[in-house]
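Reviewing the structure listed below.
The values are calculated or read from the model by the stated rules, or taken from the named source; none is laboratory data. Being a predicted model, the structure only gives us computed values, none of them experimental. Don't worry about glycine lacking a Cβ; one is built from the backbone with ideal geometry, like all the others, and counts go over all protein chains shown. Side chains are part of the model used for accessible areas, which takes the heavy atoms of the whole protein and leaves out ligands, DNA and RNA. Shrake-Rupley method; radii C 1.70, N 1.55, O 1.52, S 1.80 Å.
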Amino acid sequence: MTKCIGILTSGGDCAGLNATIRAVALRAHHGYGWKTVGISHGTHGLLHRPVAAEPLDPARLDAVLARQGGTFLGTTNRGNPFAFPMADGSKKDRSAEMVEGLRELHLDGLIGVGGDGSLEILRRLLSGTALPFIGIPKTIDNDVFNTERAIGYSTAVAIATEALDRLQPTGASHDRVMVLEVMGRDAGHIAIAAGIAGGADIVLIVVAEAAGDSHQGERRGDASIGEWLAHRLTDMTGAEARATVLGHVQRGAQPTAEDRLLAAAFGVKAVDLLAAGKADRMVGWWNRTVIDVPLEKVVGRSRTVDPQGALTRTARALGICLGDDA
Ligand code: F6P
């Protein structure tokens, strides 16, 4: 009997999502003769009646799609089903409506592409149903537990590195301190990787957006941490400083080859897990191969930069100051 699986992208977008959707639909079609339905705007699509979803025709998912940033299904990082933000500012539990939306699709399995927060929410949403759920980790922050890589991270690092490459000559020409603020919340993975790759040194400092939040009270107005740091450096040293806040530029690009490969490997594995009758698991990348782990060993935790890890040691060995005394 032909089965039908659903896929949705949830949380902040990143490069590689379209390649992931494509990989899932192609594996489902070629490997098992299954149909795939794409749900629009993450869990938001499940609130519409009829549910906002479309069948994914494998013939239309050519390689052009794998090269495109964003997610053609749409996504959301606002709208926790259990505390959904309503127009009047209140929060409402709309999880039952979403579960009903899933029922209307008559799916045999669901694949959710998200970061740690989205995967936790989706797992909770699905826990009261018999629908098998498999998670695929994506986030430029690369902080999902039990996977060395999440889709989108490689592209974000490449963009932040390119930004450093561009800032260095102008900073050097003017004898300025150039501060680059990257995304990545408090995980630090983009900051350390791009800092090493982009040759951060005394004229080029990489700051993760959440770094130094303990100084929030000292920040001027709405200044970002990068701008705050540039001001502080000028105040303390007299040096001219300029801040660049990279922002969403890190999310919107064409995916790197690595992100496309990861998307392909994760998409195939996720479908294979459903075919093998597995549920409540996340695919991951570990020690040069694709793995799968129980979602309960992923959610509620996050993977920040290891202060004793290889990249931290490498940075120190190159003389990059990491803002501590080690
Ligand atoms: O989690 C991904 C991320 O890009 C973070 O690095 C960043 O802090 C956040 O999302 C930005 O969210 P928004 O798109 O809502 O501004």
Margin query: For the range 238-289, give me each residue that is out of contact with any strand residue (DSSP E or B) (no Cβ under 8 Å at 6 or more places or on another chain), charged (D, E, K, R), over 17 Å from TYR32 (Cα atoms) and crowded, with 16+ Cβ neighbours inside 10 Å.
Written below: ARG251, GLU258, ARG260
Margin query: All but one of (1) modelled with pLDDT of 95 or more; (2) more than 24 Å from ILE134 (Cβ to Cβ); (3) assigned to a loop (DSSP other than H, G, I, E, B) hold for GLY252; state the number of the condition that does not hold.
Written below: (1)
Notebook entry, point to check: If you go through the range 296-304 one residue at a time, do you hit one that is closer than 21 Å to ALA193 by Cα and loosely packed, with under 12 Cβ neighbours inside 10 Å?
Noted result: no
Next item on the list: Kindly establish whether LEU233 is in a helix (DSSP H, G or I), more than 22 Å from the chain's Cα centre (by Cα), under 30 Å from ARG149 (Cα atoms) and at pLDDT below 95.
Entry: no
Notebook entry, point to check: For the range 198-205, does any single residue satisfy the condition of being open to solvent by 20 Å² or more (accessible area, probe 1.4 Å) and either modelled with pLDDT of 95 or more or within 16 Å of the ligand (Cβ to nearest atom) (or both)?
Noted result: no
Note to self: Just to be sure before I move on: is VAL157 touching a residue at least 24 places away in the same chain (Cβ under 8 Å), assigned to a strand (DSSP E or B) and either of a type outside the set (A, V, I, L, M) or crowded, with 21+ Cβ neighbours inside 10 Å (or both) in the structure I sent?
What the structure shows: no
Check: Using beta carbons and a limit of 9 Å, which pairs, at least six apart or on different chains, have the first residue in the range 47-67 and in contact (Cβ under 8 Å) with a residue 60 or more places away in the chain and the second one open to solvent by 70 Å² or more (accessible area, probe 1.4 Å)?
Finding: ALA66/ARG260; ARG67/GLN254; ARG67/ARG260
Checklist line | Residue in the range 164-186 that is in contact (Cβ under 8 Å) with a residue 24 or more places away in the chain, out of contact with any Pro (no Cβ under 6 Å at 6 or more places or on another chain), open to solvent by 10 Å² or more (accessible area, probe 1.4 Å) and within 23 Å of VAL268 (Cβ to Cβ) present | finding: no
Notebook entry, point to check: Can you name the number of the only condition in (1) under 28 Å from ARG185 (Cα atoms); (2) open to solvent by 10 Å² or more (accessible area, probe 1.4 Å) that LEU122 fails?
Noted result: (2)
Check: What number of residues in the range 1-48 are within 16 Å of the ligand (Cβ to nearest atom) and either charged (D, E, K, R) or at positive phi (or both)?
Finding: 5
Next item on the list: Search the range 3-30 for residues that are of a type in the set (Lys, Arg) and pair each with any residue that is more than 13 Å from the ligand (Cβ to nearest atom) and in a strand (DSSP E or B) when their beta-carbon atoms are under 8 Å apart and the residues are at least 6 apart or on different chains.
Entry: LYS3/LYS35; LYS3/GLY109
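Residue-by-condition table, conditions (1) modelled with pLDDT under 95; (2) more than 23 Å from ARG149 (Cβ to Cβ):
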site	(1), (2)
MET1	yes, yes
LEU17	no, no
ALA25	no, no
LYS35	no, yes
Checklist line | The listed residue being away from the ligand (no atom under 12 Å from the Cβ), surrounded by 24 or more Cβ atoms within 10 Å (Cβ to Cβ), farther than 18 Å from ILE205 by Cβ and touching a residue at least 40 places away in the same chain (Cβ under 8 Å), out of ILE140, ILE134 | finding: ILE134
Note to self: Any residue at all in the range 261-276 that's within 16 Å of the ligand (Cβ to nearest atom), among the hydrophobic types (A, V, I, L, M, F, W, C) and assigned to a helix (DSSP H, G or I)?
What the structure shows: no
Notebook entry, point to check: Which of the residues spanning the range 38-57 are under 23 Å from ALA150 (Cα atoms) and open to solvent by less than 40 Å² (accessible area, probe 1.4 Å)?
Noted result: GLY38, ILE39, SER40, GLY42, THR43
Notebook entry, point to check: Out of all the residues in the range 97-155, which are farther than 12 Å from ASP280 by Cβ and of a type in the set (S, T, N, Q)?
Noted result: SER118, THR139, ASN142, ASN146, THR147, SER154, THR155
